[in-house]
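Have a look at the structure below before the remarks.
Quick note: the coordinates plus some simple rules give every number you see, no bench work behind them. Model, not experiment: these values are computed from the prediction. Because the Cβ atoms are built from the backbone with ideal geometry, glycine has one as well, and the counts that use them run over all protein chains shown.
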Amino acid sequence: MPKLDPAAPLSWFLRLPQLRQDIVIALGFFGAGAILYATDVYPVFNTDVAHPLWARFLVLGTLCLLTLLRRHTPVLSLLLSAIPVTVDAVLGTSAPVLIVASDFLYAATLYGSRRTSRVMIGVAAFGTIAAATAALIVAPDWRAAVLATFVSIPFIITPVWWATNVRQHRMIAEAERANAVQLARIAELDRRAAVAGERARMARDLHDVIAGHLSAIAIQSEAALSIAASAKPETVRAVLESVRSNSVDALAEMRAMIGLLRADDTTDEATAPARLTELSKLVESARASGMTVEVRADDAAELPAAVDLTAYRIAQEALTNAVKHAPGRSATVSIRRDEAVLTVEVTNELPAGRAAGSGLGHGLLNMRERAQAIGGTFTAGPADSVWRVLARLPMGEPAT
């Protein structure tokens, strides 16, 4: 059978920080009171009746023991303290007892409920009036009564006022702490919303990339099948090489995008986003599908990254739509820039019966959203005998 350590309950008792503080306070009160009793400077008023010191120590010790309850049961400890305070008043009011009694007023105001704290203000006022009245009745002259009234102020009014101020500061600190928690929560929600928005943008990019490449692959494969018997091997090989190039590019961009979407994986190397310098790949892919593509492009170097990527995606989506809806016809890609605006214009011949297109497909909506996201404008629709996609992208800061 394991042996019980007799010091274990005491060690557990002393590990409680609040209880340790109350024990130190009680010992401090008793030690200070013992010094005052031993030096005979404890009487508040002169008295001719002598009482044994053991009675004084007994009253003071009882009050000091009650201070161990001041934090957990402040109202009960205050009510119980009235008994030794009354006994001390019968023996002749002493300063040590008044000092300890004032601490019970302080504890009841600080640690009690809000209602108790408000009641203690009235108790302090009533106690001061009661002390003044008792002094007028008991004191031999009015001077002693006035002195007693002023003596009661630091023992009754001051602890209640002090505890009220401390309580108010604690409430303010708790309110500020709660506000800080709420602000942190709002910031976290904003961060999550930003992450969700960024992932939605990435998903849109993924749609545009995969849709463009797969559309080109499907059209080029169909072209290869249709000309396999009659065309030259070199032509078929060029078409198949374009199909393979589109497949590899689609896989590479899809892998890069999925790697970005995996927020918990930071080991993948960063992949640079597509730029207008790679426009030639789009053009070659469209030409391999049987379209005649003319390119008129200004220098696209040193463009802002957002403008560069947006222009590339709009050109990619426009050429993909041209290959899909007007196969075998001609198209023109024009990239013009000045100091403030980059203009992307893609036109293609309209096949018969397609002049009144609605222009409400997902690809057109994505292009419009991309342009508007960086403060630009976007229009798409039939113009004379061609379908025109026109985007104007500012090269400064995006509009808010």
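If the segment from ALA218 to TRP161 were pulled out straight at 0.36 nm per residue, it would be longer than the present Cα-Cα gap by 12.1 nm. Backbone amide hydrogens, once placed in the peptide plane, bring SER330 within less than 5 Å of THR292, GLU349, excluding anything fewer than 5 places away on its chain. Summing charges over neighbours of ARG244, with a neighbour being any other residue whose Cβ is under 14 Å away from its Cβ, gives -1 when K and R count +1 and D and E count -1. Overall form of region 12-186: oblate. Here a/c, set by the Cα gyration tensor axes a ≥ b ≥ c, is 1.5 or more, and a/b is not larger than b/c. Net charge of the neighbourhood of THR379, taken over other residues with C-beta under 12 Å away and scored Lys/Arg +1, Asp/Glu -1, is +2.
Mind sorting TRP162, TRP387 by how few other Cβ atoms lie within 10 Å of their own Cβ, fewest first? Intermediate values should be presented prior to the final figure.
On the way: TRP162 15, TRP387 25.
Arranged by neighbour count, lowest to highest, TRP162, TRP387 become TRP162, TRP387.
Among ARG329, ARG337, the ranking by other beta carbons within 10 Å of each residue's beta carbon, starting with the fewest, stands as ARG329, ARG337. Here the Karplus curve 6.51 cos²θ - 1.76 cosθ + 1.60, taken at θ = phi - 60°, turns the phi angles of region 81-92 into couplings of 5, 5, 5, x, 5, 5, 4, 5, 5, 5, 6, x Hz, with x standing for Gly and Pro.
Here the alpha carbons of region 274-400 define both size measures, Rg and Dmax, at 13.9, 42 Å. Using C-alpha pairs below 8 Å separated by at least 6 residues, the relative contact order for region 274-400 is 24 percent.
Which order results if LEU63, LEU36 are arranged by neighbouring Cβ count within 10 Å, fewest first?
Details: LEU63 28, LEU36 18.
Arranged by neighbour count, lowest to highest, LEU63, LEU36 become LEU36, LEU63.
GluC sites (Glu not before Pro) within region 286-346: which are DSSP loop residues with at most 15 other Cβ atoms inside 10 Å? Loop-located and lightly packed - GLU302, GLU339.
Near ALA331, once Lys and Arg are set to +1 and Asp and Glu to -1 for all other residues with Cβ below 10 Å from its Cβ, the sum equals 0. FRET efficiency for the pair LEU16 and PHE126, taken as 1/(1 + (r/R0)^6) with r the Cβ-Cβ distance and R0 = 51 Å, rounds to 0.90.
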